[in-house]
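Visitor: For reference, the structure I am asking about is given below.
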Amino acid sequence: MNSYSFFILPFVPLTSYRIAMSYPYQIKSFEVYQSTYQQSIEDPAGFWAGIAEHFTWRKKWHTALEWNFTEPNVKWFQGGKMNITENCLDRHLAERGEQAAIIWEPNQPNEAARTLTYRELHEQVCQFAQVLRNNGVRKGDRVCIYMGMIPELAIAVLACARIGAIHSVVFGGFSAQSISDRLQDAQAAFIVTCDGAFRGAKDIPLKNIIDDALIGYDGIERVIVCARTNTPVSMLKGRDVWWEEEMNKVAESGTTVNFAEEMDAEDPLFILYTSGSTGKPKGVVHACGGYMVYANYTFVNVFQYQTGQIHFCTADIGWITGHSYILYGPLSAGATTLMFEGIPTWPDAGRFWDIIDKYRVNIFYTAPTAIRSLMGFGKEPLQGKDLSSLQVLGTVGEPINEEAWHWYDENVGKKKCPIVDTWWQTETGGCLISNLAGITPAKPSWATLPLPGVQLLLVDENGNEKTAVGDETIAGNLCIKAPWPSILRTTYGDHERCRQNYFATYPGLYFTGDGALRDKDGFYRITGRVDDVLNVSGHRIGTAEVENAINMHAGVVESAVVGFPHAIKGQGIYAFVIYQGSHDPHAHGSDDLIRNDILQTVTRVIGPIAKPDKIQLVSGLPKTRSGKIMRRILRKIAEGETENLGDTTTLLDPGVVEEIMKGKL
Ligand code: WT7
């Protein structure tokens, strides 16, 4: 019991309304997994068409699959007409209208929780869909959603899908500049936001940040603002309107119609921006039909979802994990999904355990970084928390080390819950490699086997497939041979960039950017990115992007950013910076002042999530004679390597390396 439970009203689960939904495609044994996998590889189109039969289509597709990885061109369920929200909402109303669709736990433990039944969620989504239409949003328009984790965020996302508008959710930790870049790239004319967001002890002024983002961007027609923190905001006449007032207008006029736009299976459903190894973030585009089928299929199979269970995914909806496994996967399966506004360590490090206890959570899905951080608080926060409702645990976002895996298994799952280690990416839409909870074997720190329809291979730098001799475990770059239904279709506004990024490194293959091992049983272990992308606390950050941000600081001449092993975050950000600024008064102060200035700049340009953990001021960077920075050397220095830096003979000025090593932080 924590000190806040006194204020909590007892939560009454709506068990009596849980009518079993059947998932005939749920794999129930290892043998069935093997035969299903085989079948899915022999006839991918036929296999996925068979799965797609279990959804609501207004018109059936004529061609299940058409593809090539050279353009690339991938089309699933062509000719099929549907709306994903009819699959997530309408089709459940008769059987489970009164069942909780979303349970919402607020940031403040003493604030009342909210539950939306499928009927209520359907009603709110239709109503907000009407608000969007009244404000000029039409099919195909891009709507940027910048909100905290409140039920209205789910409603806004689904309302966009309802009318065929393309949502682009931007995580609340990104800066005004990042939002502005994303608005520009997507040519978005509409924004849905909040006055502010509560996250732990913080109150993030979302609307102010949006106002800053809009200083340099005049393409916005309407900003819809939902009141959450009741902090002061500036509402611009003719541009900004309140969520609540707009909803009331619709309710009073009785104009809400149960309307859902008829979408082609290949129409875009959403854009989600993600970092790569070069330049600005890319807008990954997912298509309605394939994404729906795959998010649902993987939710039902990986977590082995059973009717009546309560599923708690701790991600933010600003990331793909939240899209697929808080919203679209669970809701399309008629599940009860738990949405949490706050953070794991506030008001104390027992918050997740309190929530599991309070709602009798059955499936708990989180990131290794959260597990490692909670491990650091010891077992005390777990004392007195009843976790006996848990049946399945999951991890996502980064490799999980064995120590964290065992801690999770022993202290959270009490050695009774299978743990699924799910490997996937923003671009893949859903899990591609994972054990199936309690059905296929787990192996600590291994993501294990591919899901049906996923054809993996490991290649060397030249793209030659690697094959094992005997029982050896092999290593290589992880690629995929053929499309699964929720593969990205393009990067918004720039198809060539999509080709270059994912399909050009190894022609004919989708390249994940990850390195992996494969053992004699065919199990995969992801070893991490092999490109210039960092994975910090399960979030992807491009080194080039951080360098660009640092270089925007007036006193910075040049910088190089690499990752280093970090006990909690998995990877930390290490920046080597040449600072000059001769007339800059801060340049004559302490190095700490300069470092803080740089952190300030990164926060402004990208957001606090991209702040380097270490900034080393240097007089030069190791470069080849052609001027290329040798990151390999910097990476080794950041990792703490003191001797084996590899070949340094091609360096322009080898002396610089010694100086950098001396000044290592
Ligand atoms: C990158 C994708 C998928 C949603 C969260 C991150 C790493 C993801 C695992 C895992 C080892 C993992 C990979 C991947 N990653 N899951 N289970 N084991 N690494 O999505 O931001 O698109 O990042 O996260 O490096 O490429 P993302």
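Visitor: How many percent of the accessible area of segment 113-195 is carbon or sulfur, using a 1.4 Å probe?
Guide: Carbon and sulfur: 38 percent of the exposed surface of segment 113-195.
Visitor: Give me the extension gain from residue 467 to residue 239: residue separation times 0.36 nm, minus the current Cα-Cα distance, reported in nm with one decimal.
Guide: Full-extension gain reported as 76.1 nm.
Visitor: Report the FRET efficiency, 1/(1 + (r/R0)^6), for residue 63 and residue 648, where r is their Cβ-Cβ distance and R0 is 56 Å, rounded to 0.05. Don't jump to the answer; show the numbers that get you there.
Guide: Working: r = 56 Å, r/R0 = 1.00.
The calculated FRET efficiency here is 0.50.
Visitor: Continuing with the same structure: Compare the Cα positions of 436, 505, 458 along the charge dipole of segment 427-505 (+1 at Cβ of Lys, Arg; -1 at Cβ of Asp, Glu; about the Cα centre) and return the one farthest towards the positive end.
Guide: Of 436, 505, 458, it is 436.
Visitor: Taking amide H positions as placed in the peptide plane 1.01 Å from N, state which residues far from residue 394 in sequence (5 or more) or on other chains have amide H under 5 Å from it.
Guide: Amide H to amide H, under 5 Å and 5 or more residues apart or across chains, residue 394 pairs with 364, 365, 366, 420.
Visitor: Assign one of three labels to segment 223-264, namely rounded, prolate or oblate, based on the Cα gyration tensor with a ≥ b ≥ c the square roots of its eigenvalues; rounded applies when a/c is under 1.5, prolate when it is not and a/b is larger than b/c, and oblate otherwise.
Guide: It comes out prolate by the Cα gyration axes.
Visitor: Here's another thing I want to ask about it. What ranking, highest mean first, results for peptides 619-626, 404-411, 349-356, 265-272 when packing means the other Cβ atoms within 10 Å averaged over each residue?
Guide: In decreasing order of mean packing, 619-626, 404-411, 349-356, 265-272 become 265-272, 349-356, 404-411, 619-626.
Visitor: Here's something else I'd like to know. What does the helix-only formula give at 222 nm for the chain: each DSSP H stretch with n ≥ 4 adding -39500 (n - 2.57), the total divided by the residues, and the result rounded to the nearest 500 deg cm²/dmol?
Guide: -7500 deg cm²/dmol
Visitor: Sum up the charges of everything whose Cβ sits under 11 Å from the Cβ of residue 231, counting Lys and Arg as +1 and Asp and Glu as -1, but leave residue 231 out.
Guide: Numbers: positive: 207, 228; negative: 195, 203.
Local charge sum for residue 231: 0.
Visitor: Next question. Tally Lys/Arg at +1 and Asp/Glu at -1 over every other residue whose Cβ is under 11 Å from the Cβ of residue 435; what's the total?
Guide: Within the 11 Å Cβ shell, the charges total 0.
Visitor: Also, quick follow-up: Tell me which residues come under 5 Å, amide H to amide H, from residue 534 once H is placed; ignore anything under 5 positions away on its chain.
Guide: For residue 534, whose amide H was placed from the backbone, the distant partners under 5 Å are 541, 542, 543.
Visitor: Quick check: Cα centre of segment 158-214 to Cα centre of segment 295-339, how many Å?
Guide: Between the Cα centres of segment 158-214 and segment 295-339 lies a distance of 23 Å.
Visitor: Can you give me the long-range amide H partners of residue 284? Hydrogens built in the peptide plane at 1.01 Å from N, cutoff under 5 Å, separation of 5 or more residues or another chain.
Guide: The list, which skips near neighbours in sequence, is 272, 273, 274, 492.
Visitor: Taking the alpha-carbon distance from residue 139 and a cut-off under 17 Å, which lysines remain once sequence neighbours fewer than 8 residues away in the same chain are dropped?
Guide: By straight Cα distance, residue 139 reaches 81.
Visitor: Using 0.36 nm per residue of separation minus the Cα-Cα distance, give me the extension gain between residue 278 and residue 517 in nm, one decimal.
Guide: So the chain would gain 83.5 nm between residue 278 and residue 517.
Visitor: Over segment 232-371, calculate the relative contact order: mean separation of alpha carbon pairs under 8 Å at least 6 apart, over the residue count, as a percent.
Guide: 18
Visitor: If you don't mind, another one. With a ≥ b ≥ c taken as the square roots of the eigenvalues of the C-alpha gyration tensor of segment 442-490, please select rounded if a/c is under 1.5 and otherwise prolate if a/b is larger than b/c or oblate if it is not?
Guide: Judged from the Cα gyration tensor, segment 442-490 comes out oblate (a/c at least 1.5, b/c at or above a/b).
Visitor: Indicate the gyration tensor shape class of the chain (rounded, prolate or oblate), computed on the Cα atoms with a ≥ b ≥ c the square roots of the eigenvalues: a/c under 1.5 is rounded; otherwise a/b larger than b/c is prolate and the rest oblate.
Guide: rounded
Visitor: Then there is this: Please calculate how many Å² of accessible area segment 507-665 carries per residue, with a 1.4 Å probe and no DNA, RNA or ligand atoms counted.
Guide: 47
Visitor: Next question, about the same structure. Return the sequence-ordered ³J(HN,Hα) values of segment 576-591 in whole Hz as given by the Karplus equation 6.51 cos²θ - 1.76 cosθ + 1.60 applied to θ = phi - 60°, using x for Gly and Pro.
Guide: 9, 10, 8, 10, 10, x, 4, 9, 7, x, 5, 5, 9, x, 7, 4
Visitor: In segment 518-561, which residues have a backbone nitrogen under 13 Å from the label point lying 7 Å from residue 474's Cα in the Cα-to-Cβ direction?
Guide: Residues 518-523 qualify, since their backbone N sits under 13 Å from the label point.
Visitor: Counting Lys and Arg as +1 and Asp and Glu as -1, what is the net charge of the other residues whose Cβ lies under 14 Å from the Cβ of residue 487?
Guide: So the environment of residue 487 carries a net charge of 0.
Visitor: Put a dot 7 Å past each Cα toward the Cβ at residue 108 and residue 416; how far apart are the dots in nm?
Guide: According to this spin-label approximation, the distance is 3.6 nm.
Visitor: Past the 32 Å Cα-Cα mark, which pairs from 282/385; 569/662; 416/569; 611/636; 202/280; 414/569? Please report the intermediate quantities before stating the final value.
Guide: Values: 282/385 42 Å; 569/662 25 Å; 416/569 27 Å; 611/636 20 Å; 202/280 28 Å; 414/569 25 Å.
Where the Cα-Cα span goes over 32 Å, the pairs concerned are 282/385.
Visitor: Using θ = phi - 60° and the Karplus form 6.51 cos²θ - 1.76 cosθ + 1.60, what ³J(HN,Hα) does each residue of segment 457-469 get, whole Hz, x for Gly and Pro?
Guide: Values, residue by residue: 8, 10, 10, 8, 4, 8, x, 7, 5, 9, 10, 7, 9 Hz.
Visitor: Let me have the relative contact order for the chain, percent, based on Cα pairs under 8 Å that are six or more residues apart.
Guide: 12
The values are calculated or read from the model by the stated rules, or taken from the named source; none is laboratory data. All figures in this text were calculated on a predicted structure; none of them were measured in a lab. Cβ sites come from the backbone with ideal geometry, for glycine too, and all protein chains shown count toward neighbours. The accessibility values were calculated without ligands, DNA or RNA, using every heavy atom of the protein model including side chains. Shrake-Rupley method; radii C 1.70, N 1.55, O 1.52, S 1.80 Å.
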